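Colleague: This structure is in structure tokens; I'll ask about it shortly.
The values are calculated or read from the model by the stated rules, or taken from the named source; none is laboratory data. All values reported here derive from a predicted model rather than from experimental measurement. FYI the Cβ positions are ideal-geometry reconstructions off the backbone, even for glycines, and counts take in every protein chain you see. The protein model used for the area step is the full one, side chains on, heavy atoms only, and it has no ligands, DNA or RNA in it. Shrake-Rupley method; radii C 1.70, N 1.55, O 1.52, S 1.80 Å.
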Amino acid sequence: MHTFQFVRPTDPATAVATAAQAKTAQQGADVRFLAGGTTLIDLMKLNVETPARLIDINQLPLDQIEATPDGGLKIGATVRNSDLAHQPTVQRDYAVLSQAILAGASAQLRNVATTAGNLLQRTRCVYFRDTAMPCNKREPGTGCPAITGSNRTLAILGASDHCIATHPSDMAVAMAALEATIYVQGSKASRAVPIGEFHLLPGITPERETVLEPGDLITHVTLPPPAAASKQVYLKLRDRASYEFALASAAVVITIDRGSVTRARIALGGVGTKPWRSPEAEAALVGQPADQTHFRRAAEAALRGAKPQSENGFKIELAKRCLTHALQMAATA
Ligand SMILES: Cc1cc2nc3c(=O)[nH]c(=O)nc-3n(C[C@H](O)[C@H](O)[C@H](O)COP(=O)(O)OP(=O)(O)OC[C@H]3O[C@@H](n4cnc5c(N)ncnc54)[C@H](O)[C@@H]3O)c2cc1C
Ligand code: SF4
């Protein structure tokens, strides 16, 4: 691993001022925040990430989970994934989030991984993680070998001719269905970003994964008050039962009244270049009977724009079945 400078600021403003010296936006930048390190240190060992300076943010006061005045929840950026998944309010009112986190990684990893780090974890595309290979995301302009190569696990929604990498997070998919808001402290101002606008599609700049600018520190994430009487399910399909990323997953938050769906929030994982909210599936559900026929129709709508690569066409049907089954599970919960 290359050498780097290590700093431990004790307040967010100093952390942001230090990070603002980076030449580029956070991901891939030469000055980086370090939270749990389960993505960043991993990639530094592979020489995929080579920051000159690391800013340890673990001692900043960003590790609390608190109720908000409007009845929602505020989750600090350095709250550990395990603590979040087992927090009583999360288990009761935001069960889809708890389930999604517990479906990811391993207990040991979840004990150190953080809220912000999870949102910013990087793709598991094998070419991205191998510096002997070209990769537009790691080295812009070098090409995307995945398009003609190994792409079984990669995206069928939101891809471009420059990158087809999947966003790997489970937690972020649940947060998309819960309509989370991400709070960012920058060197000039603070701002709130709805999760749907936080991650970027690859387009012609796959190296740019989020709206974060140099110095931007995620301070916390908020969830709106829980939808009354909602039923929530996170269903993850993968090659083995644990310690594996999703081939397809579905986060479902639905309300059913007298047999009909009155409200639906749907997001998919494992299939998109970003956590994939599906307004198409939501529109197909609301006002319709909560039955298998309409659940399948919603899944068809969610995958209508899917574009398979050479090895991952199976994901289209897999994702449809995943969403249909998740809706069925929620309806009968
Ligand atoms: C073997 C293995 C299996 C895994 N399986 C899964 C899985 O099944 N599902 C899943 O969802 N995830 C999985 N993960 C990924 C894991 O969830 C992430 O590595 C973890 O959530 C990252 O959090 P962290 O705190 O360790 O991030 P770090 O590695 O510390 O940071 C990640 C990135 O976020 C930036 N960053 C961190 N905090 C902030 C902040 N506050 N503001 C701005 N930037 C910040 C860092 O600079 C870095 O770019 C797996 C990881 C491993 C190693
Ligand atoms: S899919 Fe994206 S991350 Fe993978 S090789 Fe292509 S450009 Fe790189």
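Colleague: Could you name every one of the helices (runs of 4 or more DSSP H) located completely within the stretch 61-144 that has at least 3 residues being away from ligand 1 (no atom under 15 Å from the Cβ) and within 27 Å of Leu237 (Cα to Cα)?
Modeller: 88-93
Colleague: Test each condition in (1) within 16 Å of ligand 2 (Cβ to nearest atom); (2) of a type outside the set (Val, Ile, Thr); (3) within 19 Å of Met44 (Cβ to Cβ) for Ser169 and report the one that comes out false.
Modeller: (3)
Colleague: Is it fair to say Pro289 is crowded, with 23+ Cβ neighbours inside 10 Å and not acidic (Asp, Glu)?
Modeller: So Pro289 does not fit the description; no.
Colleague: If I filter the stretch 147-166 down to residues being away from ligand 1 (no atom under 16 Å from the Cβ), assigned to a loop (DSSP other than H, G, I, E, B) and β-branched (Val, Ile, Thr), which single residue comes out as surrounded by the fewest Cβ atoms within 10 Å (Cβ to Cβ)?
Modeller: Residue satisfying both the conditions and the ranking: Thr148.
Colleague: Next question. Identify, from the list Pro206, Pro194, the residue that is in contact with a strand residue (DSSP E or B) (Cβ under 9 Å, 6 or more places away or on another chain) and either open to solvent by 10 Å² or more (accessible area, probe 1.4 Å) or near ligand 2 (Cβ under 10 Å from one of its atoms) (or both).
Modeller: When all the criteria are applied, what remains is Pro194.
Colleague: Would you mind stating whether Asp42 is over 20 Å from Glu207 (Cβ atoms), in a helix (DSSP H, G or I) and open to solvent by 20 Å² or more (accessible area, probe 1.4 Å)?
Modeller: No; evaluated as a whole, the condition is false for this residue.
Colleague: Output the residues belonging to the stretch 177-193 that are more than 13 Å from ligand 1 (Cβ to nearest atom) and under 13 Å from the mean Cα position of the chain (by Cα).
Modeller: Ala177, Leu178, Glu179, Ala180, Thr181
Colleague: Within the stretch 1-24, track down each residue that is open to solvent by less than 20 Å² (accessible area, probe 1.4 Å) and in contact (Cβ under 8 Å) with a residue 60 or more places away in the chain.
Modeller: Ala15, Val16, Ala19, Ala22
Colleague: For residues in the stretch 10-25 being part of a helix (DSSP H, G or I) and under 24 Å from the mean Cα position of the chain (by Cα), which is farthest from Thr50 (Cα to Cα)?
Modeller: Applying the filter and picking the extreme gives Pro12.
Colleague: Look at Ala100 and say whether it is on the phi > 0 side of the Ramachandran plot and within 14 Å of the chain's Cα centre (by Cα).
Modeller: No.
Colleague: Follow-up question, since we're still on this one. Limited to the stretch 218-252, what total is found for residues that are under 17 Å from the mean Cα position of the chain (by Cα) and not β-branched (Val, Ile, Thr)?
Modeller: Qualifying residue count, the stretch 218-252: 16.
Colleague: Are any residues in the stretch 102-120 under 20 Å from Thr210 (Cβ atoms) and more than 16 Å from ligand 2 (Cβ to nearest atom), and if so, which ones?
Modeller: Residues satisfying the conditions are Gly104, Ala113, Thr114, Thr115, Ala116, Gly117, Asn118, Leu119.
Colleague: Moving to a separate point now. For Ala25, which of the numbered conditions (1) modelled with pLDDT of 95 or more; (2) closer than 19 Å to Asn118 by Cα fails to hold?
Modeller: Just one mismatch for Ala25, condition (1).
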